[in-house]
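All remarks here apply to the structure that follows.
The values are calculated or read from the model by the stated rules, or taken from the named source; none is laboratory data. Keep in mind it's a predicted model, so treat the numbers as computed, not measured. FYI the Cβ positions are ideal-geometry reconstructions off the backbone, even for glycines, and counts take in every protein chain you see. All accessible areas refer to the heavy atoms of the entire protein, side chains included, with ligands and DNA or RNA removed. Shrake-Rupley method; radii C 1.70, N 1.55, O 1.52, S 1.80 Å.
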Amino acid sequence: MMRKFKRGLLAGASALSICVLLAPVLVLAAEEEAVLQPSMYATFWALVPPIVAIVLALITKEVYSSLFVGILVGGLFYSDFSFEGTFNHIFNDGFVAVLSDSYNVGILIFLVILGAMVSLMNRAGGSAAFGHFAKEKIKTRAGAQLATVALGVLIFIDDYFNCLTVGSVMRPVTDEHKVSRAKLSYLIDATAAPICIIAPISSWAAAVSGFVEGEDGFSVFIRAIPYNYYALLTIVMMIAIILLRIDFGPMRTHEKNALNGDLFTSGKAAEDSETESKNPKGKVIDLAIPIITLIICCVIGMIYTGGFFGGESFVSSFSNSDASVGLALGSIFAMLLTIVIYLIRRVLTFGECMECLPSGFKAMVPAILILTFAWTLKAMTDSLGAAVFVAEVMKKSAGGLMLFLPAIIFLVGCFLAFSTGTSWGTFGILIPIVVSAFAETNPQLMIISISACMAGAVCGDHCSPISDTTIMASAGAQCNHVNHVSTQLPYALLVAAVSFVTYMIAGFVQNPWVPLPIGLVLLLICLFIIKTVNQRKNPDSL
């Protein structure tokens, strides 16, 4: 009897032990299942956190705290206002997750290395030498701005690469001609994503091609270029405001201050103290060679990740490339080659080269912080099902929109990219919906709508303070981030309004060459009206 009792007691104890061991797992599983679908999942509330962050940033002019408040709101919504759940989600699923993501890490490495290269070029005197050279060749403010646009158009491979490279090369030139940092950052931003989205050989073309399922993605991208009105009109807008000397909104104040010697307005000139290097050995080639090396190495790095050296064609390797890895690899090799070149030319010692590494890292810390906060805010938005919400809304209404779809999907793309700060995520949500709705019934309208999606995504990304491209443009120009956002917003909104009208026309005529001239004329009329109003208010205007 005692043995049976002992056996029963042992069995009971074993069962109890198993239950105790499994209890945490079962509780965690139950909790995970519960939080997978929070009460606000896939509702309009999913878009509230980024909206809160954006509004606060524009009101307070303070980026870090505004982004964190948006992140906090997202965490509260996700956990149904649970204290423990909120902070676990913010730090584990937010900051830790985005900083351990391999793509994000690659971008951060690229940022740090590019910062180190800029520091090397400044220390070697290459930036100052190029500034003096450009002063002799470029005589006017308009020439300095047009040169910035031209360089931005030439570097069409990737928007991150575009922003930081154009900024580091053109800052000495625009500073010399008293172009405000806000204007420089606008020109950089407007020649980053808008150029990449109409360049067949770019990381953006590869991304878009991958989202067009069941179709020849690259062919669709090529056919969509003439309909990408926001990108095309943005290029016209830049050239027009430079040649016609039109500035409006907050940008007008920044440009006036720049003419009086204050390039930053409310920013701090100390941020760019390294640009004025006095190295007497520095020459233009000390900037030209590193930049050319960087471009070549980054192109090789990108096609390497796409399988070019494994037999893929150049175009296919770009389509299959991993921009994060390719840019990181290319920039590392470019930095090593730059150091070797400087040592051979004896413009810098090995010790001075090594001092530039932490200096470059320090210069990129603000951009890294803002990017980290922006990525975390995007993670909060994704966890609340913002993409699912927008996709469901579009699916329910796509069938009845028909000819109005291009204009409406342009607006949806603008709003989604503005709220989430991502163009590629917007492509991934909207393009499959458009393909499924029109691939069989109206292929031409499908092309127009895909282009409207791309244009809307670029427009929203261009306007959003939490967009990584916008952050990179601020970093490239070394401009106060909120200044950059607030000054370029009226410019982007004007082009967006004209693009919306153009897409309304395109939905009916379904021909790229009729709406585009109408859009161009409409944009120029708006600019002439703005210039006339400015001159009446202030006859001695810019």
Residue match in the stretch 170-178 (condition: touching a residue at least 60 places away in the same chain (Cβ under 8 Å), part of a helix (DSSP H, G or I) and open to solvent by less than 30 Å² (accessible area, probe 1.4 Å)): yes
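Among the listed residues Thr381, Thr376, Thr372, identify the single one that is surrounded by fewer than 21 Cβ atoms within 10 Å (Cβ to Cβ) and either closer than 30 Å to Asp80 by Cβ or in contact with a Phe, Trp or Tyr (Cβ under 6 Å, 6 or more places away or on another chain) (or both).
The unique qualifying residue is Thr372.
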Contacts under 7 angstrom Cβ, first residue in the stretch 374-403 being farther than 15 Å from Gly425 by Cα, partner outside any helix (DSSP H, G or I) and modelled with pLDDT of 80 or more, 6 or more apart: Glu392/Ala42
Residue ID - modelled with the highest pLDDT, chosen from residues in the stretch 436-459 that are hydrophobic (A, V, I, L, M, F, W, C) and open to solvent by 10 Å² or more (accessible area, probe 1.4 Å): Ala437
Test: residue in the stretch 469-476 that is more than 27 Å from Leu151 (Cα to Cα), in a helix (DSSP H, G or I) and not small (Gly, Ala, Ser): no
Test: residue in the stretch 351-359 that is of a type outside the set (A, V, I, L, M, F, W, C), open to solvent by less than 40 Å² (accessible area, probe 1.4 Å) and either outside any helix (DSSP H, G or I) or touching a residue at least 40 places away in the same chain (Cβ under 8 Å) (or both): yes
Residue in the stretch 14-24 that is aliphatic (A, V, I, L, M), at pLDDT 55 or above, open to solvent by 30 Å² or more (accessible area, probe 1.4 Å) and farther than 30 Å from Ala334 by Cα present: no
Failed condition for Phe264, given (1) out of contact with any Ser or Thr (no Cβ under 9 Å at 6 or more places or on another chain); (2) modelled with pLDDT of 85 or more: (1)
Any hit, the stretch 267-275, residues being assigned to a loop (DSSP other than H, G, I, E, B), at pLDDT below 80 and open to solvent by 30 Å² or more (accessible area, probe 1.4 Å): yes
Yes/no for Phe110 being modelled with pLDDT under 85 and more than 30 Å from Asp322 (Cα to Cα): no
Tally of residues being at pLDDT 50 or above and either open to solvent by 100 Å² or more (accessible area, probe 1.4 Å) or acidic (Asp, Glu) (or both) across the stretch 29-44: 2
Within the stretch 126-140, tally of residues that are part of a loop (DSSP other than H, G, I, E, B) and exposed (fewer than 13 other Cβ atoms within 10 Å of the Cβ): 2
Which numbered condition Tyr186 misses (of (1) buried (at least 24 other Cβ atoms within 10 Å of the Cβ); (2) among the aromatic types (Phe, Trp, Tyr); (3) modelled with pLDDT under 85): (3)
